[in-house]
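Enquirer: Pasting in a structure now, in structure tokens, and then I'll have a few things to ask.
Taken together, the values in this text are just the output of simple stated rules run on the coordinates, not laboratory data. All figures in this text were calculated on a predicted structure; none of them were measured in a lab. Every residue, glycine as well, gets a Cβ built from its backbone with ideal geometry; the counts of neighbours run over all protein chains shown.
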Amino acid sequence: MTHGLDLGTLLLRVALGVTMLAHGYNHAWGGGKLAGTARWFESIGIRPGRVHAFLATSTELVVAPLLFLGLLTPLAAAGVLGVMLVALISNHLKNGYFIFRPGEGYEYVLFITFAALALAALGGGGWSIDDRLFVHGVPGCRWLFGWHGLLVAAVAGGGGAGLLLATCWRPKR
């Protein structure tokens, strides 16, 4: 029954959206605010920290409503994927799998990464703006789900993360 799939994609979109909104909010207005986030980025070797703190925070705050609405779902998933891959490689991977390990392991970040890829493959579902505007409204919008959606998210999110890490990440040796 398609309603189960629609409900599942809605729940996945909301879970990822809440997570990204909370992260973006915390980076911008929690704890050390954007300046503290910038200092933290610098401390793990992502420079210039201020620019990347702004970009990561903006990405998190922009993808959250897109996920809630199911609008341009593969691109929203790409934003989640890009942020999470940078976090995974630059900070969490070296700390082992479990999140409770010192320095925080990568289990949480890896889970969010795969959830974003799964959502890109599923698309926004029947209870999304993507479905109403594109799937039923405009022919030729296959990029919104299936292998096409997964490819869009992987190339945009993974490519963006790879480019950022290659050009701006200089970890301490």
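Enquirer: Can you check how the C-alpha radius of gyration of region 2-168 compares to 2.2 N^0.38 Å, as a plain ratio? If you can, show how the numbers build up before the last one.
Expert: On the way: Rg = 16.1 Å, N = 167, 2.2 N^0.38 = 15.4 Å.
So the Cα radius of gyration is 1.05 times the expected 2.2 N^0.38 Å.
Enquirer: Something else: Could you compute the net charge surrounding Pro171? Neighbours are other residues with a C-beta less than 12 Å from the C-beta of Pro171; K and R count +1, D and E count -1. Let's see the in-between values first.
Expert: Details: positive: Arg47, Lys94, Arg170, Lys172, Arg173; negative: Glu42.
After counting each charged neighbour, the total is +4.
Enquirer: Continuing with this model, one more query. Report the net charge of residues surrounding Gly126, where surrounding means a beta-carbon distance below 15 angstrom and charges are Lys +1, Arg +1, Asp -1, Glu -1. Walk me through the numbers on the way to the answer.
Expert: Details: positive: Arg13, Arg132; negative: Asp6, Asp130, Asp131.
So the environment of Gly126 carries a net charge of -1.
Enquirer: Which length gain, in nm to one decimal place, applies between Ala166 and Val14 when the Cα-Cα distance is subtracted from 0.36 nm times their residue separation? Walk me through the numbers on the way to the answer.
Expert: Values: separation 152, 0.36 × 152 = 54.72 nm, distance 3.15 nm.
So the extension gain works out to 51.6 nm.
Enquirer: With helices defined as uninterrupted DSSP H runs, which ones in the chain have an alpha carbon span along their own long axis of at least 18 Å and mean Kyte-Doolittle hydropathy of at least -0.5?
Expert: Details: long enough: 2-29 (39 Å, 0.55); 49-69 (31 Å, 1.30); 73-87 (21 Å, 2.00); 107-122 (22 Å, 2.06).
Helices passing the filter in the chain: 2-29, 49-69, 73-87, 107-122.
Enquirer: Expressed in nm to one decimal, what extension gain is obtained for the pair Trp29 and Glu104 from 0.36 nm per residue of sequence separation less their Cα-Cα distance? Provide the component values of the computation, followed by the final result.
Expert: Working: separation 75, 0.36 × 75 = 27.00 nm, distance 2.20 nm.
Contour length minus Cα-Cα distance gives 24.8 nm.
Enquirer: Also, I was wondering about something else. Amide H neighbours of Gly105 under 5 Å, counting only residues 5+ apart in sequence or on other chains, H built in-plane at 1.01 Å?
Expert: Residues meeting the criterion, in which the H sits 1.01 Å from N, are Ile99, Phe100.
Enquirer: Something else: To make sure I understand, if each residue's beta carbon is the centre and we count other beta carbons within 10 Å, what order do Tyr106, Tyr97, Tyr25 fall in, fewest to most? Working shown, then result.
Expert: On the way: Tyr106 22, Tyr97 11, Tyr25 14.
Starting with the residue having the fewest Cβ neighbours, the order is Tyr97, Tyr25, Tyr106.
Enquirer: Still on this model: Amide H to amide H, which residues 5 or more places from Gly126 or on other chains are under 5 Å from it, using H placed in the peptide plane?
Expert: Residues meeting the criterion, in which the H sits 1.01 Å from N, are Asp6.
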